[in-house]
Amino acid sequence: MVGGFAPRWAPGRRAPLASAAMFVFKAAVVGAGTMGGEIAQVIAAAGIPVVLKDIQQEFVDTGLEKAREVTEGQLGRLVSKEKISQEDAARQRKEVLGRITGTTEYDGFGDVDFAIEAVPERMDVKQAVFSELDEVTPGHAILASNTSSLSITEMAEATLRPDKVCGFHFFWPASMMRLIEVIEGEETSDETMQTAANFAQAIRKTAVHCGEVPGFVVNRILISSASEVWRVTEEEELDPLEVDKVIKESGTIPMGPFFLADLSGLDIALHTAEHLHSSYGDRFYVSKRMKELVEAGNLGQKTGKGFYEHG
Ligand SMILES: NC(=O)c1ccc[n+]([C@@H]2O[C@H](COP(=O)([O-])OP(=O)(O)OC[C@H]3O[C@@H](n4cnc5c(N)ncnc54)[C@H](O)[C@@H]3O)[C@@H](O)[C@H]2O)c1
């Protein structure tokens, strides 16, 4: 269902009481990669403390560095527009970054109200993280997934609180893109959906309520159009970089689909395309070149090489 946050209560169903939704005083993000660092920054910039966890300190540091870069960029733009002074920017930078705590353990998860996992797009990894989150967070906490395509219901099966599990899908780059798809699994309660929508609003995003279908709403549209470009480029043996250039110059979208896939991660783009292909058939194309790149470990910007060489 698209269009603002449409309440789930269809005619004949009792609407949940607004008071049943919970306020989020503290959040957690698991996985500090392409998405996690920016998600933590978005939460901290909205005034909410957040713990950012990864499996190794160097990955945590990369996420914290991303959060610092984004914060400095945002505040720098406000200073150059003379909306705030240098002193205000320095103070706000300290406040925002001071709200993010990096960790490689589950320290600080004992009092979180909302945890978002942004670990790799594999059900076994997601379920392991959900099972751990179920143990380390308080019983009332909502456990959310930033998955681009996997089943929320299956992830929820790894917990003892499937009613408190939902999808909370940011778009890259999370600090700029306004939309969040809030995805309802089979067991997700109305209160969880409402709290997730309220939390999205608290972190200055717009929530869209989605059913649990492959690609949800946005990727089903995005990958469908990107698919056509991937298909024609390979069938006609065109140069992906030239195709991107023409698309960009047309001014219809800010960047071509090959560059976008490189920036967001080819492993993620490939997984989503494969999932949509297996769900909806040949109208979704899986790029052979993308598959070769992923198999060779070239995942785009995050590894330095994909369709493009990244400096
Ligand atoms: N990249 C995108 O454009 C994009 C957009 C929207 C949603 N997503 C979704 O977000 C999720 C993460 O994607 P990404 O692109 O940030 O991936 P990524 O590979 O860049 O980052 C994943 C991070 O998770 C960490 N990790 C792995 N196992 C972990 C564990 N058990 N505990 C803690 N951390 C662990 C990794 O070390 C890595 O730093 C995926 O579900 C993906 O589908 C990605």
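The values are calculated or read from the model by the stated rules, or taken from the named source; none is laboratory data. Worth saying up front: this structure is predicted, and the values here are computed from it rather than measured. So basically every Cβ, Gly included, is an ideal-geometry build from the backbone, and we count neighbours across all protein chains shown. These area figures cover heavy atoms from the full protein model, side chains too; ligands, DNA and RNA do not enter into them. Shrake-Rupley method; radii C 1.70, N 1.55, O 1.52, S 1.80 Å.
Of all residues in segment 281-311, which are assigned to a helix (DSSP H, G or I) and open to solvent by less than 50 Å² (accessible area, probe 1.4 Å)?
M290, L293, V294
Just to be sure I understand, how many residues within segment 128-159 are among the small types (G, A, S) and within 10 Å of the ligand (Cβ to nearest atom)?
Step one: of segment 128-159, the residues among the small types (G, A, S) are 128, 131, 139, 141, 144-145, 148-149, 151, 156, 158.
Add one more test, that the residue is within 10 Å of the ligand (Cβ to nearest atom), and what stays is 128, 145, 148-149.
Residues meeting the conditions: 4.
Quick check on my filter: what residues within segment 78-118 are open to solvent by 60 Å² or more (accessible area, probe 1.4 Å) and within 16 Å of the ligand (Cβ to nearest atom)?
Answer for segment 78-118, where residues must be open to solvent by 60 Å² or more (accessible area, probe 1.4 Å) and within 16 Å of the ligand (Cβ to nearest atom): T101, E105, D107.
Which pairs have Cβ atoms under 9 Å, sit 6 or more apart or on different chains, and link a residue in segment 52-70 that is touching a residue at least 40 places away in the same chain (Cβ under 8 Å) and more than 14 Å from V29 (Cα to Cα) to one that is open to solvent by 20 Å² or more (accessible area, probe 1.4 Å) and in a helix (DSSP H, G or I)?
Listed pairs, sorted by first residue: V70/A45.
Just to be sure I understand, how many residues within segment 258-269 are open to solvent by less than 60 Å² (accessible area, probe 1.4 Å) and aromatic (F, W, Y)?
Final tally of qualifying residues: 1.
Test each condition in (1) out of contact with any Pro (no Cβ under 7 Å at 6 or more places or on another chain); (2) closer than 24 Å to A273 by Cα for G139 and report the one that comes out false.
Result: G139 fails condition (2) only.
Filter segment 26-51 down to the residues that are in contact with a strand residue (DSSP E or B) (Cβ under 8 Å, 6 or more places away or on another chain) and without any contact (Cβ under 8 Å) to a residue 60 or more places away in the chain, then identify the one that is nearest to K302 (Cα to Cα).
Only one residue fits best here, namely G37.
Suppose we keep only residues that are away from the ligand (no atom under 11 Å from the Cβ) and open to solvent by 30 Å² or more (accessible area, probe 1.4 Å) within segment 160-174. Which one would you say is nearest to V70 (Cα to Cα)?
Here the answer is K164.
Please find, within segment 234-257, the residue that is least open to solvent (accessible area, probe 1.4 Å) out of those that are part of a helix (DSSP H, G or I) and without any contact (Cβ under 8 Å) to a residue 12 or more places away in the chain.
S250
Can you name every residue in segment 270-280 that is open to solvent by less than 40 Å² (accessible area, probe 1.4 Å) and of a type in the set (S, T, Y)? Write out each step before concluding.
Step one: filter segment 270-280 for residues open to solvent by less than 40 Å² (accessible area, probe 1.4 Å), giving 270, 272-273, 276.
Result: T272, single match.
Hey, among the residues in segment 202-224 that are in a helix (DSSP H, G or I) and touching a residue at least 12 places away in the same chain (Cβ under 8 Å), which one's farthest from L143 (Cα to Cα)? Can you show your working first?
At the first step, the residues of segment 202-224 found to be in a helix (DSSP H, G or I) are 202, 218-224.
Next cut, touching a residue at least 12 places away in the same chain (Cβ under 8 Å) only: 202, 218-220, 223-224.
Working: A202: 17, V218: 22, N219: 22, R220: 24, I223: 27, S224: 29 Å.
So, considering only residues that are in a helix (DSSP H, G or I) and touching a residue at least 12 places away in the same chain (Cβ under 8 Å), the one farthest from L143 (Cα to Cα) is S224.
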